[in-house]
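The values are calculated or read from the model by the stated rules, or taken from the named source; none is laboratory data. This one's a predicted model, so the numbers in the text were calculated from it and none came from an experiment. Cβ sites come from the backbone with ideal geometry, for glycine too, and all protein chains shown count toward neighbours. Calculation scope for accessible area: heavy atoms of the full protein, side chains included, ligands and nucleic acids excluded. Shrake-Rupley method; radii C 1.70, N 1.55, O 1.52, S 1.80 Å.
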Amino acid sequence: MNSGTTVTDIPDQLNTQKPRLWMPERVVFTPAALEEPWGQQLLTKMQAQGLPIEELPRNRLTGLRGESDRDTYDIAKRTLAVVTAPPSAFKLSPIPPSADWQFHIAEGCPAHCQYCYLAGSLSGPPVIRVYANLPQILANLANYERPGEEKSFEVSCYTDPLGIEHLTGSLAECIRYFGTREDGYLRWVSKFDAVDELLDLPHNGHTRCRVSVNAAPVSGRFEGGTAKVSARLGALRKLALPRSQGGGGYPVGIVIAPIMLMDDWELHYTKLFDEISAAIDFDCDLTFELISHRFTPGSKEVLLNWYPKTQLDMDEEKRSVKRNKFGGTKYVYDNDTMKTLRRFFESEIKKRFPQGRILYWT
Ligand code: SF4
């Protein structure tokens, strides 16, 4: 451990200027959302930021479609809707291998990743919906805990919770909640970097903060609207450093996803590991998750509507087909490619971060 390291002692390339903060052009509240005390807090917080706020006449979101799928995408990605979570949000699903359970405080994300994981999983225009009944959502999680058994809860399956945190404060509320639990652990992941408000929260070691990073050709070409990888790593450093050194003292993680077989991939991913090594140059509770690129027929169709000019390689001919037990099809890299990639990533991590734990490769 480099005991002299502090938050401000960040290597130059990680020293972020201003964090990336997304501001919606339009904010709408449903009447039901305004009846919720947390909805009122969201209203106050957003009014204080001078956002243009409208109350909808009904609880349905309408008027968000454009003339084409691409227009609808543009309108939706500039709109924040505060709604109440549907009853289905109270019936949790498992989310292996990332966590025992997933839950949702929002749906949709302000970034524009051309491989977005949400494509094909969420229906309707990709408007960013924030849930106004957060206290009920959190209270429901206790039903999924088991005394004496650690249970993990992933909150970033349908949104990037840090990307909208400056507008909502909902992630901080989750972190505070899990800080009071005996056996419940929170996990979140982001491609944004505004973490200062999270550093002093009473997390009690029950939240693992992760950033998703990628090699420059992938992040530069395909991850529109996100914070730079160097800024994400600078944010992770702040979260991981001990409180005594000005950090958040959180368990942290690096998600490398989606891992892509590009020209000179080894060189580009080695450079990424150099950046990670510079950011996390001290001992901490660190995990890695490694996710190779895949797509489904449904996600490809949605992504091509959203990003008709994308250079993303989604050629089925070059992939192997993987079927799940429900008959769904995924296109993944072939076995030999997977083995080569996996060997490289696992050996870099073992060499550079002997204290780090690889949670899974997929
Ligand atoms: Fe999709 Fe995640 Fe990118 Fe947001 S950050 S656009 S959820 S892949």
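Among (1) modelled with pLDDT under 95; (2) away from the ligand (no atom under 15 Å from the Cβ), where does SER98 come up short?
Of the numbered conditions (1) modelled with pLDDT under 95; (2) away from the ligand (no atom under 15 Å from the Cβ), the odd one out for SER98 is (2).
Please find, among LYS45, LYS18, the residue that is within 23 Å of GLY253 (Cα to Cα), among the basic types (Lys, Arg) and away from the ligand (no atom under 16 Å from the Cβ).
LYS18
Considering only region 101-136, how many residues are near the ligand (Cβ under 9 Å from one of its atoms), more than 12 Å from the chain's Cα centre (by Cα) and under 25 Å from LEU43 (Cβ atoms)? Show your work before the answer.
Filtering region 101-136 down to residues near the ligand (Cβ under 9 Å from one of its atoms) leaves 108-119, 126.
If we keep only those that are more than 12 Å from the chain's Cα centre (by Cα) as well, we get 112, 114-115, 119, 126.
Applying the additional criterion that residues be under 25 Å from LEU43 (Cβ atoms) yields 126.
Residues flagged as near the ligand (Cβ under 9 Å from one of its atoms), more than 12 Å from the chain's Cα centre (by Cα) and under 25 Å from LEU43 (Cβ atoms) within region 101-136 amount to 1.
Given the criteria more than 18 Å from PHE222 (Cα to Cα), part of a helix (DSSP H, G or I) and among the β-branched types (Val, Ile, Thr), does ILE358 qualify?
So ILE358 does not fit the description; no.
Could you pull out the residue among LEU236, LEU201, LEU186 that is in a helix (DSSP H, G or I) and aliphatic (A, V, I, L, M)?
LEU236
Anything in region 174-190 that is open to solvent by 20 Å² or more (accessible area, probe 1.4 Å) and closer than 19 Å to ALA231 by Cα? List them, or say none.
Hit for region 174-190 is VAL189, nothing else.
Given the conditions (1) in contact with a helix residue (DSSP H, G or I) (Cβ under 7 Å, 6 or more places away or on another chain); (2) within 23 Å of PRO135 (Cα to Cα); (3) open to solvent by 60 Å² or more (accessible area, probe 1.4 Å); (4) not hydrophobic (A, V, I, L, M, F, W, C), which single one is not true for HIS104?
(3)
Could we say that VAL82 is within 16 Å of the ligand (Cβ to nearest atom), touching a residue at least 24 places away in the same chain (Cβ under 8 Å) and farther than 22 Å from PHE178 by Cα here?
Considered against the rule, which asks whether it is within 16 Å of the ligand (Cβ to nearest atom), touching a residue at least 24 places away in the same chain (Cβ under 8 Å) and farther than 22 Å from PHE178 by Cα, VAL82 comes out as no.
Any chance you could count how many residues in region 215-230 are crowded, with 24+ Cβ neighbours inside 10 Å and either touching a residue at least 60 places away in the same chain (Cβ under 8 Å) or in a loop (DSSP other than H, G, I, E, B) (or both)?
2
Table: residues versus (1) closer than 20 Å to PHE29 by Cβ; (2) assigned to a loop (DSSP other than H, G, I, E, B); (3) touching an Asp or Glu at 6+ places or on another chain (Cβ under 8 Å).
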| residue | (1), (2), (3) |
| --- | --- |
| GLU107 | yes, no, no |
| GLY120 | no, yes, yes |
| PRO126 | yes, yes, no |
| VAL130 | yes, no, no |
| GLN136 | yes, no, no |
| ALA142 | no, no, no |
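Take ILE276 and tell me if it is within 15 Å of GLU346 (Cβ to Cβ) and assigned to a helix (DSSP H, G or I).
Yes.
Determine whether region 269-291 contains at least one residue that is modelled with pLDDT of 95 or more, within 16 Å of the ligand (Cβ to nearest atom) and of a type in the set (Gly, Ala, Ser).
Taking every residue of region 269-291 in turn, none turns out to be modelled with pLDDT of 95 or more, within 16 Å of the ligand (Cβ to nearest atom) and of a type in the set (Gly, Ala, Ser).
If you take the residues in region 153-173 that are away from the ligand (no atom under 14 Å from the Cβ) and over 14 Å from VAL195 (Cβ atoms), which one is surrounded by the most Cβ atoms within 10 Å (Cβ to Cβ)?
PHE153
Testing PHE178 on (1) of a type in the set (Phe, Trp, Tyr); (2) within 16 Å of the ligand (Cβ to nearest atom); (3) part of a helix (DSSP H, G or I), one condition comes back false. Which one is that?
(2)
Could you list, in sequence order, the residues of region 297-347 that are under 27 Å from ALA111 (Cβ atoms), without any contact (Cβ under 8 Å) to a residue 24 or more places away in the chain, assigned to a loop (DSSP other than H, G, I, E, B) and touching a helix residue (DSSP H, G or I) at 6+ places or on another chain (Cβ under 9 Å)?
Result: MET314, single match.
Just to verify a result, which residue in region 26-68, among those that are surrounded by fewer than 15 Cβ atoms within 10 Å (Cβ to Cβ) and closer than 14 Å to PRO126 by Cα, is modelled with the lowest pLDDT?
Going through the qualifying residues, I end up with GLY63.
Name every residue in region 128-152 that is surrounded by 22 or more Cβ atoms within 10 Å (Cβ to Cβ) and touching a Gly at 6+ places or on another chain (Cβ under 6 Å), in order of residue number.
ILE128, ARG129, ALA132
Of all the residues that make up region 308-354, how many are closer than 25 Å to ASP283 by Cβ and open to solvent by 70 Å² or more (accessible area, probe 1.4 Å)?
Qualifying residue count for the region: 3.
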